[in-house]
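S.K.: Shown below is the structure under consideration.
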Amino acid sequence: MRRRIYWLLPDLASARRTMDDLLLARIDESHIHFAAREGTDMTGLHPANILQTSDVVRAAQLGLVVGAAAGAVAGVVAVLFFSMSGDAPHWGVAAVLAIVGAPIGAWAASMIGVSVPSKRLARFEGAIESGQLLLMVDVPRSRVAEIETLLTTAHPEGHFEGEEPNIPAFP
């Protein structure tokens with residue numbers, strides 16, 4: 001289980017030094033993400049991707065539930081009003097439509113979620129637009145205090161912005 005630490009850095013030079021320090025502390029590059037103003041040169045940094053900067057994950061989860069529910073409702077309506085043969089309703093149709101509706105709902109919602117900025121990062125928008133860089137580093141719970149101490153001592157120019165205990169499992 002990992003926790004995400006948020007840290008604001010004032011400029012690119014500081015961000016690059018922080019990246020180097022985290023790599024020396026044996027934090028894998030895939031767990032270090034930087035978000036900056038559009039057009040910023042991110043050479044030497046691991047930029048945050050669409051999974052960290054948009055609401056695509058949350059939207060896909062919501063779409064999965066809504067798609068399954070819509071499929072189940074459509075299946076129940078089909079079973080009740082369009083009985084195929086005999087007197088016994090075929091409830092398997094409702095289950096199949098729920099199973100088919102779930103991935104369709106997840107896909108459709110994720111297409112919308114890709115264009116919606118992450119609600120988790122909304123509080124950093126002003127700082128990012130003013131030229132600061134946001135560091136998001138995902139560390140094991142056992143190393144949170146160690147990494148926070150490293151960042152505080154090695155980079156006093158940065159600002160600790162909190163930690164998040166519930167990061168998505170795969171991004």
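S.K.: How high is the relative contact order of the chain, in percent, counting Cα pairs under 8 Å that sit 6 or more residues apart?
M.R.: Result for the chain is 45 percent.
S.K.: If I require 30 Å or longer along the helix axis, counting alpha carbons, and a Kyte-Doolittle average no lower than -1.0, what helices from the chain are left? Use full DSSP H segments.
M.R.: 56-81, 92-113
S.K.: By count of other Cβ within 10 Å, fewest leading, how are 4, 17, 26 ordered?
M.R.: Arranged by neighbour count, lowest to highest, 4, 17, 26 become 26, 17, 4.
S.K.: Springs between alpha-carbon pairs under 10 angstrom, Gaussian network model over the chain: which of 25, 48, 15 fluctuates most?
M.R.: Maximum fluctuation in the GNM of the chain, among the listed residues, is at 25.
S.K.: Within a Cβ distance under 14 Å of residue 17, other residues only, what is the Lys/Arg minus Asp/Glu net charge?
M.R.: Summing Lys/Arg as +1 and Asp/Glu as -1 gives -3.
S.K.: Please arrange 81, 34 by how many other C-beta atoms lie within 10 Å of their C-beta, fewest to most.
M.R.: Exposure proxy ranking, most exposed first: 81, 34.
S.K.: If you plug each phi of region 123-131 into the Karplus form 6.51 cos²θ - 1.76 cosθ + 1.60 with θ = phi - 60°, what whole-Hz ³J(HN,Hα) values come out, in order, with x for Gly and Pro?
M.R.: Using θ = phi - 60°, the values come out as 5, 9, 4, x, 5, 5, 5, 7, x Hz.
S.K.: Tell me the mean residue ellipticity at 222 nm calculated for the chain from its helices only (DSSP H runs of n ≥ 4, each -39500 (n - 2.57), averaged over every residue, nearest 500).
M.R.: Value at 222 nm, helices only, nearest 500: -15000 deg cm²/dmol.
S.K.: Oh, and also: What net charge is computed for the residues neighbouring residue 111, neighbours being all others with C-beta under 15 Å from the C-beta of residue 111, Lys and Arg scored +1, Asp and Glu -1?
M.R.: Net of charged neighbours comes to 0.
S.K.: Let me ask something additional. Could you point to the label whose value was computed as semi-axes √(5λ) of the Cα gyration tensor in Å for the structure here, given (i) 35, 15, 12; (ii) 20, 19, 17; (iii) 46, 16, 11?
M.R.: (iii)
S.K.: In what sequence do 111, 1 fall when counting other Cβ within 10 Å, fewest first?
M.R.: Listing 111, 1 from fewest to most nearby Cβ atoms yields 1, 111.
Every number in this text was worked out from the coordinates using simple rules, so none of it is lab data. None of these values were measured; they are calculated from a predicted model. Note that each Cβ is placed from the backbone with ideal geometry, even for glycine, and that neighbours are counted across all protein chains shown.
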